[in-house]
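What follows is one structure encoded as structure tokens, with my remarks underneath.
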Amino acid sequence: MQKKRKERPANPKLVLLNKPYGVLSQFSGEADDDTLKSYIPHKDVYPAGRLDKDSEGLLLLTNDGVYQARLANPKYKVWKTYWVQVEGEPTEEQLEALRNGVELKDGLTRPAEAFIMPEPNNLWPRNPPIRERKSIPDTWLCIKIREGKNRQVRRMTAHVGLPTLRLIRAAVGPFQLKGLQPGQWREEPPVW
């Protein structure tokens, strides 16, 4: 028995959105939820992966189910790049633990890239602002992963003693925020 091939759309779309803090990565929700419906005028695209309500940054949407699966399914090992503001100053041991993989309740994470970075240029203010403590410094990290366990980056940093204060996804594979402000989107030519 031959496996039925999925129909690919005649007019494929790829939409890049800078998802604001507090927005659900879906088009429907409870009456008081802020959803993608407020930002994306297209009715035929769906998120390729998720970005938690309290995370910000790049969310890809497409009308091509096959491509959507390639972007979101961990078996395809698409790199996702995050800018992570953490509480504290990371030690080399903490960074090395993130790079080697962290044992979470749902298993060991794959090796990641993790390094200290300067605060991102032209970073928009978050509403509401993050909590600041004068006695505890914070640091920006760049973390790149090839999987997507639920709230993975936050759990990884917490596991090594660096609670996440702010999390922004900057890239998925070759696609980047490139100056999109929160709530802004652009369509990119399909590469498939």
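The values are calculated or read from the model by the stated rules, or taken from the named source; none is laboratory data. Small disclaimer: the values here were computed from a predicted structure and weren't measured. Cβ coordinates were reconstructed from backbone atoms using ideal geometry, including for glycine residues, and neighbour counts include every protein chain displayed. Quick note on the areas: whole protein, heavy atoms, side chains included, nothing else; ligands and nucleic acids left out. Shrake-Rupley method; radii C 1.70, N 1.55, O 1.52, S 1.80 Å.
What's the extension gain from Cys142 to Leu123 if we count 0.36 nm per residue and subtract their Cα-Cα distance?
5.4 nm
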For the charge dipole of the chain, defined by +1 on Lys and Arg C-beta atoms and -1 on Asp and Glu C-beta atoms about the Cα centroid, which residue among Leu36, Gly183, Gly57 has the Cα displaced farthest towards the positive pole?
Leu36
Probe 1.4 Å - accessible area at Met117, Å² to nearest ten:
30 Å²
With +1 on each Lys and Arg Cβ and -1 on each Asp and Glu Cβ, and nothing else charged, work out how big the dipole of segment 1-152 is about its Cα centre, in Debye to the nearest 20.
1080 debye
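Based on Cβ point charges of +1 for Lys and Arg and -1 for Asp and Glu, what charge dipole magnitude is obtained for segment 1-76 about its Cα centre, in debye rounded to the nearest 20?
My answer is approximately 780 debye.
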Exposure of Lys37 as accessible area (Å², to 10), given a probe of 1.4 Å and all protein chains:
130 Å²
Can you give the helix-only mean residue ellipticity at 222 nm for the chain, where every DSSP H stretch with n ≥ 4 adds -39500 (n - 2.57) and the sum goes over all residues, rounded to the nearest 500 deg cm²/dmol?
-3500 deg cm²/dmol
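For Tyr21, what charge total do you get from the other residues with a beta carbon under 11 Å from its beta carbon, if Lys and Arg give +1 and Asp and Glu give -1?
Working: positive: Lys19, Lys53, Arg126, Arg166; negative: Asp34, Asp52, Asp54, Glu56.
Once all neighbours under 11 Å are counted, the net charge is 0.
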Could you identify which residue out of Asp138, Asp54, Asp106 has the top mean-square fluctuation in a GNM of the chain using Cα springs shorter than 10 Å?
Asp106
Listed here are the pairs Lys80/Lys178; Lys75/Lys149; Lys75/Lys178; Lys19/Lys80; which of them are more than 24 Å apart at the Cα?
Lys75/Lys178
Along the principal axes of its C-alpha atoms, what lengths does the chain span, in descending order and rounded to whole Å?
57, 40, 31
Could you work out the relative contact order of the chain, using alpha carbon pairs under 8 angstrom and six or more residues apart, expressed as a whole percent?
32 percent
So how far, in whole Å, is the C-alpha centre of segment 50-121 from the one of segment 156-191?
9 Å
Heavy-atom accessible area with a 1.4 angstrom probe orders Ile136, Ile130, Ile145, Ile116, most exposed first, as Ile116, Ile136, Ile130, Ile145
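Under 8 Å for C-alpha pairs, at least 6 residues apart: give me the relative contact order for segment 98-192, rounded to a whole percent.
26 percent
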Residues with amide H under 5 Å of Asn63's amide H, sequence separation 5 or more or different chain, H placed in the peptide plane at 1.01 Å from N; which?
Lys13, Tyr46
